[in-house]
Amino acid sequence: MSLKLDSLSVHVVEDNPFMRSILKGILATLGVGSVIESESAEDALELLAGSSTPDILLIDWMMPGMDGIELVQKIRNDPDSKVPFVPVIMLTAFSEYENVVQARDVGVNEFLAKPVSVKGLVSRLDAVINKPRLFVRTEQYFGPCRRRRDMPFDGEDRRKAAVLSLEVDDDVMPPGLFDEPVGETPGDEAESEWTVNEFES
């Protein structure tokens, strides 16, 4: 795996200063060009509403006030959001299946359990940079396609035209991350299979 990260901008949203320092140190060691820090979801929203357009967001789930899940919902669904397509890696000490599913269902791209390892973080960065998933919009969901495996299912294929055309400015969407044609949304019978094992370091 080869990642060229010197031109990458990563925004870390984490209330624990020690964990922020660890993440910043790992990212610096990996050669990430720019690391932005926020100690709360509210601070992050203020920066994202301004001129900050990071390539990737690292967001802690459990934070005082607005938590990481609420922050992702606002980034994805708020009409005023300037970065609805930004890749999000969710950090949490809670890696139970139901937590993974909840993160997936608000539009998180990747899920990383704490304690964070260099190997685990590199694999998530590689996933959002080199293997991006197409974005879809339905009445109930907007975010990266939740299907991770092309699994057979019984019944009518209801994956139709609820697809979002990715016509975005380079200022909003990092160039190259979503260059492939937009895919189809998963039907109810073909629910994606995010499992904790897929996200283990």
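Every read-out reported here was derived from the displayed coordinates using simple, explicitly stated rules and does not represent laboratory data. A quick note: this is a predicted structure, and the numbers were derived from the prediction, not measured. When we count neighbours, we look across all protein chains shown, and the Cβ atoms used for this are built from the backbone with ideal geometry, even at glycine.
So if R0 is 22 Å, what FRET efficiency would residue 130 and residue 101 give, r being the distance between their Cβ atoms, rounded to the nearest 0.05? Calculated transfer efficiency: 0.35.
A straight Cα-to-Cα reach below 21 Å connects residue 131 with the lysines 4, 119, residues fewer than 8 places away in its own chain not being considered. Taken along its principal axes, the alpha carbon cloud of segment 9-133 reaches lengths of 35, 33, 30 Å, longest axis first. The modelled label-to-label distance between residue 52 and residue 118, using points 7 Å beyond Cα along the C-beta direction, is 2.7 nm. Take the Cα of residue 62, step 7 Å toward its Cβ, do the same at residue 16, and the gap between the two points is 0.8 nm.
Name the residue farthest towards the positive end of the dipole of segment 1-99 from the options 9, 90, 61, assuming +1 on Cβ of Lys and Arg, -1 on Cβ of Asp and Glu, about the Cα centre. The residue sitting farthest along the positive end of the dipole is 9.
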